[in-house]
Amino acid sequence: MASSSSVLVIFLLSTVLIISIMPNVNAQRNHSKSNLISPGSSLSPHGYNLSISSWLSSSGRFAFGFYPQGNGFAVGIRLLNPPNNTVVWTANRDDPPVSSNSTLKLTGDGLLLRSEGGQEIPITNGSNLLETSAISNASTAAAAMLDSGNFVLYDETFFVIWESFDFPTDTILGGQDLLASMGLISSASVADHSSGRFSLEMQDDGNLVAYPPNSSSPYLATMTFGSYQLSLNLSGFLVLSSQSSGLTTQVLANGSYHHPQDNKTTIYRATLDVDGIFRLYLHNFLMSGSPEGAVKAIWSALQDPCDVKGICGFNSYCEVVMQKKAAEVHCKCYPGFVYNNASQMSLGCYHNFTVGGCTGNEEPRLRYKVAALDNTSWSNHPYSVTPIQNKEDCGDSCLGDCNCWAVLYTDADCRKYKLPLLYGKTTSSISSKGFIKVLLPRNMDSMPNNFPYLPKSPTVTESKNKSLILILAISLGSIAFLCSVFAISSFAIYMHRVHRYKKLLKHSSLALADQEYFTLQSFSYSELERATDGFKEEIGRGTFGAVYKGTLSVGSSNKTVAVKRLEKVVDEGVREFIAEMTTIGRTHHRNLIQLLGFCTEGSRKLLVYEYMSNGSLADLIFKAKSVHTSWKERVRLVFDVAKGVLYLHDECSVHIIHSNLKPQNVLLDHTWTANISDFGLARLVPNETKINSTGGEGGGAGTVEQLRRGYLAPEWQKNALISVKADIYSFGIVLLEILCCRRNIEVNVSTTDEIILSSWVSKCFAAGELDKLVEDDENVDLKTLERMVKVGLWCVQDDPALRPFMKNIILMLEGTMDIPVPPCPELPSLV
């Protein structure tokens, strides 16, 4: 009996806890029949009178209808809390504003917006909102603006067939849930409620995550996993709770502590603000009309605005400045950079000088200097980390490294970075010190600024011979003196440079000795035979030969490597082969596989690479179905490959055309980062081998038709001039394969249109049916898909002149450069 009583008490306590924390779902469905909106009712923004432009809730605190935006009007829901009404939901938020002559009408099919030109735009089942089965099968009998802020449509039985709470924009209100796969997108600005740069997503794995623009690296994550939802109840509790049991697992904020009054005087909303920070707000209607306390932010997911990744653009850093007792975010350029757009400083910065790279024999210290920044950090991955005791030596080491543009000195480590610098910020709590490489003024070594003008030649007169001699003596003496000063100064400058150059050579030698990847190692054939256990474990085979897994002893530890045994290579001399390997070894990039060493003994030529533990890109996108093939991961892989190709084409000291870019030659390391392999080897292979190696997956011989269907550009079969545009064609095919997770040629398809991927993509794009390409995928961003498909179609144009360069491709992929509609490419035939 006692046991039964205990169970009853526990059950009652659990029930009370659930009721106090979870939102009252039925509350948001309640309606007053006197407040119902019947079919045929309409609204108009003309004259912008609240009675004809909006439908009000029974309390008069929420209004659904037109509100001013830009040079026109938008349709949405506002919380009426003067003096500043708050937009909490917007329909078709990325459509342009409509004119004052537009009308909004409730029909049996839902809400229809009729523009001034007569175009009818659905509101309750628009393209930006998920169409529910209820709407497609039921007729709208009535609508209501509820006191919860939820706008609903009813059928004839007063069953809710559509509600705005199911399609949040940047805000959730009390009584509203954010379920798995639902999210918020910030507004573009305080006055513009179209989609902004930041997103907050309730992921399927139960983790609430906030992302910066064009990135899969979050700046906020709750680290909760399972079946969860985000809920805001009417009492101001913002919680992560289990969808199955309803029990709260994590309370993010308790708004009731800030205002103990009942729900009749307070309304809570949680908004992903323009600056990317998720905040909880309290609206106090007792103080309505007063600017003091009417709206108050009572909780913030982040305290430092600079913790939001992407708040400032590339090559700029975030700094919080106090202005009139309010914190303002300032985006500042690093030394040597200027704003991309001076009126929008958050768009990032670019170099204010032309980058000379590593060409020529000019000593870098005579061209550059470093500028220091205290209490600074950024979020790139360094390509080099070296222990250094002195921070000035850390900055000095960047001058002698052609690849280095910035260094961070942190905890006695010197971290080197390439451009662009991402997500930078400065604050007194950061102990790191940054050094940025900047160009020295070109005229710094010219003559002294106050070099005197030479005196004019004296006027010769017969009557003043003595004066003439005196003037000549003074002039010649002055010239001789100045020449002496100039000669001494030039000698002193020369000796100073010689001293600095010797010091640089000494430092460079020490740095090269400390960093093993700057020097290629020459191996004997017997060493590599032992390392691979007699070439026992073959892990791949491609155009240039087989690849074997091996282990090399490095000091007291063992290092796993990949050994490629070259086959069918041009029989050239040892010196020429070593020269080619030295060129490849000078490439250092996060998205290129690193060459560690080589072996050349007679006709036997082998290369030693770092080992890639996760196989090839082809294995990932064509065979495996795992978390690593999600939409965001595939977008990241596209950028990885693009950045690697950009480095080969434009950024390394010797420009390299890959000539054999395909998913089999893109390998994945332990972090699933894409690394391009086999670059720089094309010169070692005869031309007929290149053409015959493009048909199959492993690189077997192929016909002309296989060439046109493969990854090589059409100019290969035409024996035309081969340029970097040939790699652009191959990249376009690889891009489309990554997006669609299928090969360029598939025979087992439902229709013949789908056999050749590039042809199918072009037809889907022309028909506006890109969703067919990713039918099996969830959470695909259709805008990003359209942008990337357009880039891919430009890349696979037959005419090389029509294909863009890789630097423009990356700008188009990022969305910072407009992409015109691509022409239909000359697509290959199966005949």
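Each reported figure results from applying straightforward, stated rules to the coordinates on display, with no laboratory input. Predicted model only: the values in this text are computed from it and were never measured. Every residue, glycine as well, gets a Cβ built from its backbone with ideal geometry; the counts of neighbours run over all protein chains shown.
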Hey, got the dipole for the range 521-610? About the Cα centre, +1 on K and R Cβ, -1 on D and E Cβ, debye to the nearest 20?
-> 240 debye
Placing each pseudo-label 7 Å from Cα in the direction of the beta carbon, Thr103 and Cys483 end up separated by a distance in nanometres of 9.7 nm
Along the Cα-to-C-beta direction of Glu814, a point sits 7 Å from the Cα; which residues of the range 583-601 have their amide N less than 17 Å from that point?
-> 590-591
Using a simple spin-label model with points 7 Å from Cα along the Cα→Cβ vector, what separation in nm is obtained for Ile539 and Phe805?
-> 3.6 nm
Which of the peptides 418-424, 662-668, 377-383, 175-181 is most tightly packed, and how do the rest follow, going by the mean number of other Cβ atoms within 10 Å of each residue?
-> 662-668, 418-424, 175-181, 377-383
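Going by C-beta contacts inside 10 Å, put Met345, Met817 in order with the fewest on the left. Could you put the intermediate results ahead of the total?
Details: Met345 18, Met817 14.
Ordered by Cβ neighbours within 10 Å, fewest first: Met817, Met345.
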Neighbour-count ranking for Ser526, Ser186 (other C-beta within 10 angstrom, fewest to most) reads Ser526, Ser186
Using 0.36 nm per residue, how much length does the chain from Ser59 to Glu576 gain when fully extended, once their Cα-Cα distance is taken away?
-> 177.7 nm
Within the range 175-205, which residues have the backbone N less than 18 Å from the label spot 7 Å out from Trp672 along Cα→beta-carbon, could you tell me?
-> 181, 201-205
For the range 316-439, the dipole about the Cα centre with charges only on Cβ (Lys and Arg +1, Asp and Glu -1), to the nearest 20 debye, works out at 340 debye
In this structure, the FRET efficiency calculated for Ser41 and Arg365 from their beta-carbon separation, with R0 = 60 Å, to the nearest 0.05, is 0.20
Contour minus Cα-Cα span, Ser227 to Asp374, at 0.36 nm per residue, comes to 48.5 nm
Label the range 316-439 by shape, choosing from rounded, prolate and oblate, from the square roots a ≥ b ≥ c of the eigenvalues of the Cα gyration tensor; if a/c is under 1.5 it is rounded, and otherwise prolate applies when a/b is larger than b/c, oblate when it is not.
-> oblate
Taking amide hydrogens as modeled 1.01 Å from N in the peptide plane, which residues meet the under 5 Å criterion relative to Ser187, leaving out close sequence neighbours?
-> Gly196, Val274
Using a Förster distance of 30 Å, how high is the FRET efficiency between His496 and His351, based on the Cβ-Cβ distance and rounded to 0.05?
-> 0.60
Between Ser553 and Lys772, with labels modelled 7 Å along Cα→Cβ, what's the label distance in nm to one decimal, could you check?
-> 6.2 nm
Extension gain, Ser242 back to Ser115 (0.36 nm per residue minus Cα-Cα distance, nm) = 41.4 nm
Residue by residue through the range 115-121, the couplings from Karplus 6.51 cos²θ - 1.76 cosθ + 1.60 with θ = phi - 60°, in Hz, x for Gly and Pro, are 7, 4, x, x, 6, 9, 10
Sort 529-536, 404-411 for me by packing, meaning the mean count of neighbouring Cβ atoms within 10 Å per residue, highest on top.
-> 404-411, 529-536
Based on the mean of other Cβ atoms within 10 Å per residue, sort peptides 56-62, 771-777 so the most packed one is first.
-> 56-62, 771-777
Pop the C-beta distance of Ser428 and His381 into the FRET formula with R0 = 22 Å and round what comes out to the nearest 0.05.
-> 0.30
Taking the Cα centre of each part, how many Å lie between the range 96-120 and the range 581-603?
-> 64 Å
Given the candidates Met612, Val635, Gln664, the one whose Cα lies deepest towards the positive end of the charge dipole of the range 579-675, counting +1 at each Lys or Arg C-beta and -1 at each Asp or Glu C-beta, is Val635
The range 521-610: C-alpha gyration tensor shape, a/c 1.5 cut-off, then a/b vs b/c | rounded
Which ordering of Val780, Val485 is given by a fewest-first count of other beta-carbon atoms within 10 Å?
-> Val485, Val780
Could you pull out every one of the aspartates and glutamates with an alpha carbon less than 15 Å from that of Lys605, ignoring same-chain neighbours closer than 8 positions?
-> Glu527, Glu529, Glu567, Asp571, Glu572, Glu576, Glu580, Asp678
